[in-house]
1. If you take the square roots of the eigenvalues of the alpha-carbon gyration tensor of region 215-355 and sort them as a ≥ b ≥ c, do you get rounded (a/c under 1.5), prolate (a/b over b/c) or oblate?
2. What is the P(r) of region 96-145, as percent of Cα-Cα pairs per 5 Å bin from 0?
3. For the ranges 300-306, 360-366, 374-380, what's the packing order if you count other beta-carbon atoms within 10 Å of each residue, average per peptide, and put the highest first?
4. First compute the accessible area of region 106-146 with a 1.4 Å probe, then give the percent of it belonging to carbon and sulfur atoms.
5. Relative contact order (percent) for the chain, with alpha-carbon contacts under 8 angstrom and 6 or more residues of separation?
6. Can you check how the C-alpha radius of gyration of region 261-325 compares to 2.2 N^0.38 Å, as a plain ratio?
7. Along each of its three principal axes, how wide is the spread of alpha-carbon positions in region 338-449, in whole angstrom units, largest first?
8. So how much accessible area does THR404 have, in Å² to the nearest 10, using a 1.4 Å probe?
Amino acid sequence: MSATDTRSAAAARSAAAAGAEPAWKRVAEEQMRRGAFTRTLPVWGGAFVILMIMPLLFSSAVGVTIMNQMGISIVFALSYNMLLGQGGMLSFGHAVYFGLGGFLSVHVMNYVEYDGWWLPLPLLPFVGGLFGLAFAIPIGSFSTRRAGTVFAMISLGVGELVAACSIIFVAFFGGEEGVSGDRTMGPPVFGTEFLSEVEVYYLIAGIVMIAALFMYLFSRTPAGRMANAVRDNEERAEFVGYSQRYVRFVSFCASGFFAGMAGGLFAINYEILTEENLNLVTSGWVLLMAFIGGVGFFVGPIVGAIVLTLLQTVLSNHTELWQLYVGILFVLTVMYAPRGLTGLVAMHGPALRMGRLGMLARAYAVALGPLLAFLAGVVLLLEMGNVANQSVVGESEAHVFGLTLDVSTILPWVVALALACGGGYALIRLAPRLREAFARATGHTGGVS
């Protein structure tokens, strides 16, 4: 630690000893007084209106099903962002609280059906949240003692442990078949029995609004601000008088609660939970959603959840390689956009404020053609390569972009290779002009790396 840090820490301890208010608390309270939340009310109102009219715009059964899945993913990804984005805790076992909350919600759903429990369906996600919290408290009591690699490895171990238990304890987890229920057997809510997907959509949309609002408010509280402080410099957080372990524990428990809520929504929508809902694949998927969307922004996981749900549901209907494309997107995000897709948009904020977006639009328009050619060439090569790999079973035709290509001939390969190489070469040549245009538009005289 530097001498400056030592003097700052000593000053902070002296101020705390003298009863002075910590700086972070003054900043949080100042923001609340200035109406930081009030300024976001139009955004929340706009989001509410969009959620209400979405079934009118996408009224097909497939469209409503995809939107239901998006809503569940949004709550799940936002809960993960409370760990990684706010608290700096990289977890490989977040699906534990999602899955356990979902399993217990299904069991409660069955108790309502067979034992006559009185529980309106809209309360079930909150029950799942309480179960997620109940498991997060004991697990967080020891896993939040350390951050970084130690926390990540503990979360990985806990995830493996619970996933193994889901196969062993068949009476509770239902084995490989899982546990199923019937959401329509509960008491009607204002005459609604949740028989249709649209009714379920409006229930999920309401829970998404409530969960997102409370997670946002949590990020504005002193506890949420302190989680940011612990993420950035845990030693200084200790010096101002707050336990880094306790701060991480509070964020961990809150995250487990909202992950359990997402599990309850999943139980309502699909009426079945299996081992897949709490294994490492689900934990990795929520990590991808948060990271690709942008963990440094509250709206980032929402963007990631929407994008990856679309890739999973729409792209998977057109190609067997959709998981490969998701992997490529993740690698490119890590390498070139570590702040995620939301961070890419936020980079253009200075240009928007200075009225120079037109300058950037012209540069981007020039690069759009080569970029599309490069992407088309790469996709053609991957898809034709996949078909060529299956040629041993008689498959020789690839269906890409509405075209039928015979991979046993040389012409499609030449065209795809020319598009990929030509587009890539043009992008490399245009890169300096793009960097210069971005620097002039945003006022970054030092250029962009």
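The values are calculated or read from the model by the stated rules, or taken from the named source; none is laboratory data. None of these values were measured; they are calculated from a predicted model. Cβ atoms come from the backbone with ideal geometry, glycine included; neighbour counts cover every protein chain shown. With ligands, DNA and RNA removed, areas are computed over all heavy atoms of the protein, side chains included. Shrake-Rupley method; radii C 1.70, N 1.55, O 1.52, S 1.80 Å.
1. Numbers: a/c = 2.13, a/b = 1.24, b/c = 1.71.
Cα axes put region 215-355 in the oblate bin.
2. P(r) for region 96-145, in whole percents per bin: 6, 21, 25, 20, 13, 8, 4, 3, 0.
3. On the way: 300-306: 26.1, 360-366: 13.7, 374-380: 18.1.
Listed from highest to lowest mean packing, they are 300-306, 374-380, 360-366.
4. Details: 1480 of 2130 Å².
Accessible surface attributable to carbon and sulfur in region 106-146 totals 70 percent.
5. Numbers: 637 pairs, mean separation 94.0, N = 449.
Relative contact order comes out at 21 percent.
6. Details: Rg = 12.9 Å, N = 65, 2.2 N^0.38 = 10.7 Å.
That works out to 1.20 for region 261-325.
7. Computed over the Cα atoms, the extents are 58, 26, 23 Å.
8. Surface open to solvent at THR404 totals about 80 Å².
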